[in-house]
1. Restricting the search to the range 72-105, which residues are acidic (Asp, Glu) and either in contact with a Leu (Cβ under 9 Å, 6 or more places away or on another chain) or closer than 24 Å to Pro136 by Cβ (or both)?
2. Can you confirm whether the range 149-169 contains a residue that is of a type in the set (S, T, N, Q), modelled with pLDDT under 90 and outside any strand (DSSP E or B)?
3. Answer yes or no: is there a residue in the range 29-42 that is touching a helix residue (DSSP H, G or I) at 6+ places or on another chain (Cβ under 7 Å) and farther than 23 Å from Ala147 by Cα.
4. Would you check if there is a residue in the range 59-68 being open to solvent by less than 40 Å² (accessible area, probe 1.4 Å) and over 13 Å from the mean Cα position of the chain (by Cα)?
5. When the residues of the range 73-95 are narrowed to those that are within 16 Å of Val33 (Cβ to Cβ) and out of contact with any helix residue (DSSP H, G or I) (no Cβ under 7 Å at 6 or more places or on another chain), which ends up least open to solvent (accessible area, probe 1.4 Å)?
6. Of all residues in the range 87-132, which are of a type in the set (D, E, K, R) and at pLDDT below 85?
7. Looking at the range 48-59, I want the residues that are in contact (Cβ under 8 Å) with a residue 24 or more places away in the chain and have a partner that is polar (S, T, N, Q) with Cβ atoms under 7 Å, at least 6 apart or on another chain. Which pairs are those?
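The values are calculated or read from the model by the stated rules, or taken from the named source; none is laboratory data. Keep in mind it's a predicted model, so treat the numbers as computed, not measured. Every residue, glycine as well, gets a Cβ built from its backbone with ideal geometry; the counts of neighbours run over all protein chains shown. The accessibility values were calculated without ligands, DNA or RNA, using every heavy atom of the protein model including side chains. Shrake-Rupley method; radii C 1.70, N 1.55, O 1.52, S 1.80 Å.
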Amino acid sequence: AGWRATPVARRTFGGEGRALASMADELGVHVLVVGTRGLAGPGAVLDSVTDQVVHESPRPVLVVPHPMLTDERECAASGPVVAGWDGSAGARAAVCAAAALFASRELIAVTVGPGVEEAVEVADGRRITTVTVPEPLPVPGPGRGTAGALIGAARGRGAGVLVVGSRGRSALREIVLGSTAMATLHRAHLPVLVVPPRVDKVVADTR
C-alpha cells in the first residue's frame with residue numbers, strides 16, 4: 001500500500017494487546033497491523049493479543065490471517081479493497097478510512113440486501129463502485145450470514161482487503177464490535193481492516 005513504517009521498541013507490563021493499542025494512539029499512527037496465530041477460518045477464535053487490539057484500539061486495525069495461500073497473497077498485494085456498506089455512520093467512516101489508507105486501490109462498497117443508500121463517493125470526492133449482493137440464507141450464529149456474503153463478494157472480486165466498521169465505544173472505553181465485524185474477523189481468509197467510528201486523523205499520507 002506504500003505505507004512507511006518506523007521500528008519502535010518499548011518495554012511494557014500487562015496485556016500486550018492493550019499496550020499496542022495504547023502505543024498506536026500515542027504515536028498517532030494511521031493503522032495498526034497485527035497477525036493471527038493460524039486461527040483463521042470457520043469456528044476460529046482470535047488469539048488474545050489480536051482480540052484485545054481490535055477491541056481497544058481507537059485507530060484502524062488491519063488483521064492479517066496466517067497462513068495465507070499463494071493466490072491470497074497475490075490478491076493482498078494488488079487486489080481491490082472491498083468495504084461493507086449499510087448506510088450507517090460507521091460504514092461511512094470505514095469507507096473513508098479505506099479510501100485514505102489504500103489510495104491507489106480500486107474501492108468497492110458492498111451492500112448485503114436491497115434498500116440501502118448507495119455509497120457513490122467519500123469525503124475527498126473519490127467515486128467508488130457500489131455492489132449489492134443478495135441477502136444470505138439464515139445461518140446459525142449472530143452476523144455470520146452477512147459476514148459470509150461480504151467474504152464471498154470479496155473473494156469473487158479478488159479483493160486484497162475486506163473493510164468493516166465497528167459499532168462504537170462502551171462505557172469502559174473499549175471498542176464494541178458488531179456481530180458482523182466479529183464474524184468477519186473469525187471467518188475471513190484475507191486481511192480485514194476494522195475501523196472505529198471516529199477516524200478523522202486518518203489521511204492519505206499514512207505511516
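1. Let us first name the residues in the range 72-105 that are acidic (Asp, Glu), namely 72, 74, 86.
Matches in the range 72-105: Glu72, Asp86.
2. Taking the range 149-169 and keeping what is of a type in the set (S, T, N, Q), we get 166.
Add one more test, that the residue is modelled with pLDDT under 90, and what stays is 166.
Okay, now just the ones that are also outside any strand (DSSP E or B), so 166.
Scanning the range 149-169, I find at least one residue that is of a type in the set (S, T, N, Q), modelled with pLDDT under 90 and outside any strand (DSSP E or B), so the answer is yes.
3. yes
4. Residues of the range 59-68 open to solvent by less than 40 Å² (accessible area, probe 1.4 Å): 59-63, 65, 68.
Then drop every residue that is not over 13 Å from the mean Cα position of the chain (by Cα), which leaves 68.
Scanning the range 59-68, I find at least one residue that is open to solvent by less than 40 Å² (accessible area, probe 1.4 Å) and over 13 Å from the mean Cα position of the chain (by Cα), so the answer is yes.
5. For the range 73-95, the residue satisfying everything is Ala76.
6. Here is the first cut: in the range 87-132, the ones of a type in the set (D, E, K, R) are 92, 105-106, 117-118, 121, 124, 126-127.
Glu117, Glu118, Glu121, Asp124, Arg126, Arg127 - these are the residues of the range 87-132 that are of a type in the set (D, E, K, R) and at pLDDT below 85.
7. These pairs meet every condition: Thr50/Thr36.
Quick grid of which residues meet (1) part of a helix (DSSP H, G or I); (2) modelled with pLDDT of 85 or more:
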residue	(1), (2)
Gly14	no, no
Ala19	yes, yes
Glu26	yes, yes
Val33	no, yes
Arg37	no, no
Pro42	no, no
Leu46	no, no
